[in-house]
1. Can you name the helices (runs of 4 or more DSSP H) wholly within segment B:1-84 that have at least 3 residues being at the interface with chain A (Cβ under 10 Å from one of its Cβ atoms) and either touching a Cys at 6+ places or on another chain (Cβ under 8 Å) or among the hydrophobic types (A, V, I, L, M, F, W, C) (or both)?
2. Pick from segment A:32-59 the residues that are in contact with a Pro (Cβ under 7 Å, 6 or more places away or on another chain) and not basic (K, R): which of them is farthest from A:E126 (Cα to Cα)?
3. Just checking, which of B:K404, B:K360, B:K364, B:K333 is modelled with pLDDT under 85 and more than 11 Å from every other protein chain (Cβ to nearest Cβ)?
4. Of (1) at positive phi; (2) within 14 Å of another protein chain (Cβ to nearest Cβ), A:T45 satisfies all except one. Which?
5. Mind listing whichever residues of segment B:308-329 are among the hydroxyl-bearing types (S, T, Y) and assigned to a helix (DSSP H, G or I)?
6. If A:R63 satisfies all but one of (1) without any contact (Cβ under 8 Å) to a residue 24 or more places away in the chain; (2) out of contact with any helix residue (DSSP H, G or I) (no Cβ under 9 Å at 6 or more places or on another chain), what's the number of the condition it fails?
7. Among the listed residues A:S21, A:S14, which satisfies the condition of being facing chain B (nearest Cβ under 9 Å) and at pLDDT below 85?
8. Out of all the residues in segment A:41-83, which are charged (D, E, K, R) and touching a Leu at 6+ places or on another chain (Cβ under 9 Å)?
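The values are calculated or read from the model by the stated rules, or taken from the named source; none is laboratory data. Bear in mind the structure is a predicted one, so any value in this text is a computation, not a measurement. Because the Cβ atoms are built from the backbone with ideal geometry, glycine has one as well, and the counts that use them run over all protein chains shown.
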Amino acid sequence: MEGSSKSSIPDGHSVVSRLQSELMQLMLSPSPGLSAFPEDEEDLTKWCGIITGPDGTPYEGMRFKIALEFAQTYPYTAPKVRFVSPMWHPNVDMSGNICLDILKDQWSAVYNVQTILLSLQSLLEEPNNSSPLNAVAAELWDKDMREYKKKLIARYEEIDD
Amino acid sequence: MSRLPKLSEQIQDVSDPRDFLRTKLPELVDLDTLLRCHICKGFIKTPVLTPCGHTFCSLCIREYLNRELKCPLCLAELRESMLRSEFLVNEIIASYVGLRSKLLEIARSGPDGTVPHSDTSLIEIAPGDEGAHELSGDDDLQIIETRRNRPAKRNAEIVLMPSKKSRRDSEKPGISSMISKSKSPALPEDSAECPICQKHFPLEYLQRTHLDECLTMGSLGAAAKPTSPPKIGKASNETTVSVQPAAERISEPSVSANTTHSNRYLESGQKQGVARLAKLNFSSMSMQQLKSKLTSLKLSTIGSRQQLINRYNHYEMLWNSNFMDSIEPLEEKELRRRLASWEATHNSSEGTLRKGNISKLLNKNSTTRIKDFKTDRFDRKGWILAHQQEFNELLEEARHNLAKANKMKYSASNQDEVEDAEQAESHPNSISCEKGEIPSNQLVVKTEEISTSSQGTTGV
């Protein structure tokens, strides 16, 4: 009846133990511009992450909330990742769904929360305009950066901590 | 009870390479990282090597290859049949893992190089584990120095304590002679790997002489049950002579402590007699064939077709990892137990979940369960029947706690309360057995709360 954290972890093949390690890693060596933490103390399979827009991009200085949801099959399958904060980006739709190869067919079990958030940061830097989810954003990114930024600022909501 | 512990408690035992970051040996972060699997992030269990040169836990990579036929690190093409077990890495990691907490303790100790710990920890750490030799030169130095400060133990007085320089010098003739010697068709038992320098020597030489030289410490290294006088003429004479009496005094246990992993490695080899389980082409199999396959492996045939397929696939993976890769294969019985524990979390439908045990239910999906629980949809009778055993255990525990609490009260004097307690003690039984039903609030509350609430109802 006690010590359920230990007994419920089956032989090192558990999404929980893997996520515990990842959390430990993030806490012990945080990367600048990104953070992530489980939403609920009792459920390690739902995390909330925050990334900062990279310098030199329209997203500079902005912070975006990201939801990560891990299935029992993690890390063999990619977590479900989406933007919670309103986003304006060629590869993100209006509901926050993300089109990113490493979250789909290019997922590998060696990726982790940190690499996902880093990939999202670089996606903000370099959108993949050949297969956009937001065609208007893709077009503006190539043709009218001022208008792009305007749209972005119109949608952007600051995170209140 | 079955609530998950707080996050901070959950992760306080999680080890991480960065545990060494702010210690005297930050270099160990690198080693600690290298010995971990990139899939599960834990220390590699039953390591297997891919043709592209990457190492993973046998189970992790096999699970991965069920979905994707490439190396997760470099994306090179990869199939299960290409995996090769790495017994040496297995023992290195096992050895390091056994040593880690001590290493951490030493690395965290006082900044002036003095180690405020008992000598025993140093003594135990020194002889054996492969982890120690991974220390970079400076760290090695540090440890040796602390050892030298150590008060003389049992037979230190009869052992030469050469300076590091002379140790290195005296080593040379020994090594070269040993290497040439070990090339002769020696039986595996006759040679062993030095846990300090990792070179191979005939066991006797290793135990009698070499370890001492490597460790600069007789009481640690020369842990040998003497067999016959040294055959090796070239082994540096003065050490051999001085060590001999020491060796005779040292008891058996220290031998195994020093050489377990090396011996296990030397004794490892291809296992005979157990065949690899094949991957099945389920699309061409009838349910009947599938069931008879599972039956032949003594596995359950209950569940949907997909569950049976999952069951076979997972068992095939456990089996092949165990019998093909593991240095010490487990029994089939244990594999089936592991399969069952995997199924509890990964291969259960809603239907089978309902039949599961209480802790599993509460752990798994506590919020929805409890929600159900408060409505009439909840099948109380079924629940009680299914969990009778757990309830009885809880009640037993509650009664025990209550009795204990009352004993304490009693010692502070009050007879009435004891009577109350006795009544309360008998009450919980009647709830579960006579009425066959338990008020919903009592199922989810902690045991102490059960006792208080039943105490409350006694008076009525």
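1. Numbers: elements: B:7-11, B:28-34, B:58-65.
Counting at least 3 such residues, we get B:58-65.
2. First pass over segment A:32-59, keeping only residues in contact with a Pro (Cβ under 7 Å, 6 or more places away or on another chain): A:44, A:46-47.
Next, from what is left, pick out any that are not basic (K, R): A:44, A:47.
Working: A:L44: 31, A:W47: 25 Å.
Among residues in segment A:32-59 that are in contact with a Pro (Cβ under 7 Å, 6 or more places away or on another chain) and not basic (K, R), the one farthest from A:E126 (Cα to Cα) is A:L44.
3. Values: B:K360 fails: more than 11 Å from every other protein chain (Cβ to nearest Cβ); B:K364 fails: more than 11 Å from every other protein chain (Cβ to nearest Cβ); B:K333 fails: modelled with pLDDT under 85.
That would be B:K404, the only listed residue that is modelled with pLDDT under 85 and more than 11 Å from every other protein chain (Cβ to nearest Cβ).
4. (1)
5. Applying the first criterion (among the hydroxyl-bearing types (S, T, Y)) to segment B:308-329 yields B:312, B:315, B:321, B:326.
Residues satisfying the conditions are B:Y312, B:Y315, B:S321.
6. (1)
7. Values: A:S21 fails: at pLDDT below 85.
One residue alone meets the criteria, A:S14.
8. Matches in segment A:41-83: A:E41, A:E42, A:D43, A:K46, A:K80, A:R82.
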